[in-house]
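The values are calculated or read from the model by the stated rules, or taken from the named source; none is laboratory data. Since we're looking at a predicted model, the values are computed, not measured. Neighbour counts are summed over all protein chains in view; Cβ atoms, including those assigned to glycine, are modelled from backbone coordinates with ideal geometry. Remember, those area values only see protein heavy atoms, side chains included, never the ligands or the DNA or RNA. Shrake-Rupley method; radii C 1.70, N 1.55, O 1.52, S 1.80 Å.
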Amino acid sequence: MGTRAWTICDVARDEYLEHLIVTPGKVGGAARGYRVNKRRLRGGLRDGVDVVELDNGQIQVVVVPTRGMGIWEIRAGDLRVGWQAPVQGPVHPQFVPLMEPSGLGWLDGFDELLVRCGLESNGAPEFDEQGRLRYPLHGKIANTPANRVELSVDGDAGRLELTGVVDEVRLFFNKMRLTTTYTLQVGSRTLAICDTVTNLSAEPGEFELLYHINFGMPLLEPGAKVIAPVRRLAPRDGVAAAAVGSWDTYPPETPGVKEAVYFMQLHGGNDSRTEVVLRNSAGSRGVSLRFSVEELPYFTLWKNPQAAADGYVTGLEPGVNFPNRRSFEKAKGRVVCLMPGQSRTFHLELEVLLTEEQVRQAVARVEDLARRGPAEISSEPLPDWSAV
């Protein structure tokens, strides 16, 4: 049988693999051209960070179990999918001061392609009546290491699966578990993501979850576009409102410009699946993000056109809520409640588009979804959506 499995980390059993290399010769089966490499990074702010590199012959995905099972980057030939943050990462959580008084310490570790925001909260920092920080920016899950990581390789089917378990738990507070599985088929340009959030407590618990999926150069450039099947769209604030007419197009690097954020609901197909495409200015390369509007009903577009040295980046961000203050989202009914032992599962796919034809086909699918109804675009923030 051409199937093998490895336990990379299991805290409960005190098991840990410092290094692991998996190739077809170790697995058997007909599939060829893949490789898995688990290693620990050394030096600088990345010292002690574990990464698992999944290479299926078409794309190489770098997963970071130390950072909540986030994805640092994807490479496809000469194309790097991700962005260049001012910080050199991936950053070990020990160097991220989440609870610093400003509530913005999360930014010290932010440089991934895919970073999850949550679970207790996932939006802007929130303070109590005395000005003390209650919830930091974007929550804690991205800076919580996985306590169990397992690799499974099916050499007959040509399938690589990496599963990680991250617990966000605290006495007298929430006890949530995130179980993540990444699946790659040999020769495919698509990464499948399946996440399950489970309430481990004997009492009801609440959570928020947002997928902060970030892209910089070379896909992001002047004239690059995002194509989405918009059902409703509104700017988050006045800055975004001033540029709502060009919400889908990216300007050149502009030092000192403020970020613009747009909140949306998207059309889904009969199966509730939707798709968003980001393409470069020529339409010759891009990425496609697919997910369910039933599982992730709200979508945030983040545009940060600062100079490259300061973080020229955009975020495509499906979520169970908008990234406002937690109390605001709670009041608007967008915080999820799980009963004891209850779970909620989310499915996403991220595809790398390497040719003009692949981009054209993806854009055509989005345009087909957009025909399901008109786009309702507001020129001003909506009171039910925006807390600023």
>> Using a 7 Å offset from the Cα along the Cα-to-Cβ direction at both Lys258 and Ser102, what is the distance between the two label points in nm, to one decimal?
In response: 1.7
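For each pair in Lys140/Lys330; Lys140/Lys303; Lys140/Lys332; Lys175/Lys330; Lys175/Lys332; Lys140/Lys225, compute the distance between the two Cα atoms and list the pairs where it is over 26 Å. Each step should come with its number before you reach the end.
Values: Lys140/Lys330 18 Å; Lys140/Lys303 23 Å; Lys140/Lys332 22 Å; Lys175/Lys330 18 Å; Lys175/Lys332 23 Å; Lys140/Lys225 31 Å.
Lys140/Lys225, as the Cα separations exceed 26 Å there.
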>> Taking loop as defined by DSSP and a crowding limit of 14 other beta carbons within 10 Å, which trypsin sites (Lys or Arg not before Pro) in segment 95-201 fit?
In response: Arg132, Arg170
> Which cross-chain or sequence-distant (5 or more) residues have an amide H under 5 Å from the amide H of Val336, H modelled 1.01 Å from N in plane?
Replying inline: Phe207
> Among all stretches of the chain without exposed chymotrypsin sites (Phe, Trp or Tyr not before Pro) (DSSP loop, at most 13 other Cβ atoms within 10 Å), which one is longest?
Replying inline: 174-388
> Got a sec to turn the phi values of segment 342-348 into Karplus ³J(HN,Hα) couplings, 6.51 cos²θ - 1.76 cosθ + 1.60 with θ = phi - 60°, whole Hz, x for Gly and Pro?
Replying inline: 6, 10, 9, 10, 10, 10, 9
> Computed FRET efficiency, Cβ-Cβ of Thr3 and Thr190, R0 22 Å: what is it to the nearest 0.05?
Replying inline: 0.55
> Considering only Val11, Gly89, Pro305, whose Cα is most displaced toward the positive end of the charge dipole of the chain, charges sitting on Cβ of Lys, Arg (+1) and Asp, Glu (-1)?
Replying inline: Val11
> If Lys and Arg each add +1 and Asp and Glu each add -1, what is the summed charge of the other residues whose beta carbon sits under 15 Å from the beta carbon of Glu380?
Replying inline: -1
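Based on Cβ point charges of +1 for Lys and Arg and -1 for Asp and Glu, what charge dipole magnitude is obtained for the chain about its Cα centre, in debye rounded to the nearest 20?
With only Lys, Arg, Asp and Glu charged at Cβ, the dipole is about 360 debye.
Rounded if a/c is under 1.5, else prolate if a/b beats b/c, else oblate: with a ≥ b ≥ c from the C-alpha gyration tensor eigenvalues square-rooted, which is segment 54-110?
Values: a/c = 3.99, a/b = 2.25, b/c = 1.77.
In terms of gyration-tensor shape, prolate.
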> Across segment 233-238, in residue order, what do the Karplus-derived ³J(HN,Hα) couplings come to in whole Hz, using 6.51 cos²θ - 1.76 cosθ + 1.60 with θ = phi - 60° and x for Gly and Pro?
Replying inline: 9, 8, x, 6, 8, x
>> On a full-extension model of 0.36 nm per residue, what is the gain between Leu79 and Ser281, subtracting their alpha-carbon distance, rounded to one decimal in nm?
In response: 71.2 nm
> Suppose every K and R has +1 on its Cβ and every D and E has -1 on its Cβ; what is the size of the dipole of segment 205-318 about the Cα centre, in Debye to the nearest 20?
Replying inline: 380
>> Through the Karplus equation 6.51 cos²θ - 1.76 cosθ + 1.60, θ set to phi - 60°, convert the phi angles of segment 289-295 into ³J(HN,Hα) values in whole Hz; use x for Gly and Pro.
In response: 10, 10, 7, 9, 6, 7, 6
>> Once you order the gyration tensor axes a ≥ b ≥ c over the Cα atoms, which shape class does segment 30-154 get: rounded for a/c under 1.5, otherwise prolate or oblate by comparing a/b with b/c?
In response: prolate
>> Probe of 1.4 angstrom, ligands and nucleic acids ignored: what's the accessible area per residue over segment 303-369, in square angstrom?
In response: 40
> Leu171 versus Arg42, label points 7 Å from Cα toward the beta carbon: distance in nm?
Replying inline: 3.8
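Only Lys, Arg, Asp and Glu count, each charged at its Cβ (+1, +1, -1, -1), so figure out the dipole size of segment 303-388 about its Cα centre, rounded to 20 debye. All intermediate terms of the calculation are to be shown ahead of the outcome.
On the way: 11 positive and 12 negative charges, 106 e Å.
Dipole magnitude for segment 303-388 comes out near 500 debye.
Per the 1.4 Å probe, what fraction of the accessible area of segment 318-388, in percent, lies on carbon and sulfur atoms?
Working: 1800 of 3670 Å².
On segment 318-388, the fraction of accessible area on carbon and sulfur atoms equals 49 percent.
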> Among Asp368, Asp111, Asp78, which one moves the most in a GNM of the chain with springs linking Cα atoms closer than 10 Å?
Replying inline: Asp78
> Asp128 label point, 7 Å along Cα→Cβ, cut-off 18 Å on backbone N: hits in segment 155-197?
Replying inline: 170-174
>> Tell me which of His138, Val366, Leu107 sits at the most positive position along the dipole axis of the chain, charges placed on C-beta atoms (Lys, Arg +1; Asp, Glu -1).
In response: Val366
